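Have a look at the structure below, then the notes.
The values are calculated or read from the model by the stated rules, or taken from the named source; none is laboratory data. This is a predicted model, so every value here is computed, not measured. Don't worry about glycine lacking a Cβ; one is built from the backbone with ideal geometry, like all the others, and counts go over all protein chains shown. The protein model used for the area step is the full one, side chains on, heavy atoms only, and it has no ligands, DNA or RNA in it. Shrake-Rupley method; radii C 1.70, N 1.55, O 1.52, S 1.80 Å.
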Amino acid sequence: HSGHWRGFKAMFAKFPEQQQTIIILTNNGADDSVDENAQSLNDILDGRAAVPAKPMLSKALYPLLIKSELDKASALTKQANSTQDSAFLVEERMMNRLGYTLLQQGKMAEGIFALAFNHETFSNSPNTYDSLAEAYAMNGNMVRATTTLNQMKAKFPQHTDFAKRLAELKEVSDKSAQ
């Protein structure tokens, strides 16, 4: 049995015939490698070679983006999305966190890069539209912020009060211009 709730994730597996039990608890609900780790533990207990869990793409991108190495970051994101069996775990919440971390550090182009990749990868999530629109507003580009917000409105009409959100983004843009 496995499950997650409000930032916590757990996995419990019992194998009575082998007299084995695997329990994994984490307070990182974004850690989608819990199931992979459980499988690796089961492989080890059964005498098989374990497959290491994939690293988070957001963690691999951070050192490149903090040094403004956008070409290398772009190559890494293309590699991560090129196959079904990527070498990286791509998780929406962690990519979103990376984007905002970079924006808060004044790395506007890099933060927008991370949030744009997240938006392209998870285009069925309204949050990726909203975050990218906010990044554009923080960078003073209200045209792109408005366009992104309008795309969100068209795809997710029940998601938010768009007039209110547009006014909030305008305030963000005005504040960043000061």
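Here are the numbers for the structure shown:
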{"item": "Under Karplus coefficients 6.51, -1.76 and 1.60, residue-wise ³J(HN,Hα) of the stretch 51-64 in Hz, glycine/proline x", "result": "8, x, 5, 6, x, 6, 4, 4, 6, 6, 6, 3, x, 6"}
{"item": "Electrostatic dipole magnitude of the stretch 23-178 [Cβ: Lys, Arg +1; Asp, Glu -1; Cα centre; debye, to 20]", "result": "520"}
{"item": "Ratio Rg/Rh, restricted to the chain and using Cα atoms, in which Rh is the Kirkwood radius", "result": "1.08"}
{"item": "Max mean-square fluctuation residue, GNM over the chain, Cα-Cα springs under 10 Å, options Asn27, Asn124, Asn81", "result": "Asn27"}
{"item": "C-alpha long axis of helix 108-121 to longest principal axis of the chain, angle in °", "result": "60"}
{"item": "Rounded tilt (10° steps) of 142-155 against the dominant C-alpha axis of the chain", "result": "50"}
{"item": "Computed [θ] at 222 nm, deg cm²/dmol, the chain (DSSP H ≥ 4; -39,500 (n - 2.57); rounded to nearest 500)", "result": "-18500 deg cm²/dmol"}
{"item": "Heavy atoms of Arg97: accessible area, 1.4 Å probe, square angstrom to 10", "result": "120"}
{"item": "Within a Gaussian network of the chain (alpha carbon springs, distance under 10 Å), most fluctuating of Leu65, Leu41, Leu98", "result": "Leu41"}
{"item": "The stretch 14-22 - phi-based ³J(HN,Hα) in whole Hz, Karplus 6.51/-1.76/1.60, Gly and Pro as x", "result": "10, 10, x, 4, 8, 6, 10, 9, 10"}
{"item": "Rounded to 10°, Cα long-axis angle of helix 70-82 versus longest principal axis of the chain", "result": "50"}
{"item": "Selection from Met108, Ala73, Pro55 lying farthest towards where the dipole of the stretch 52-167 points positive, charges on Cβ", "result": "Met108"}
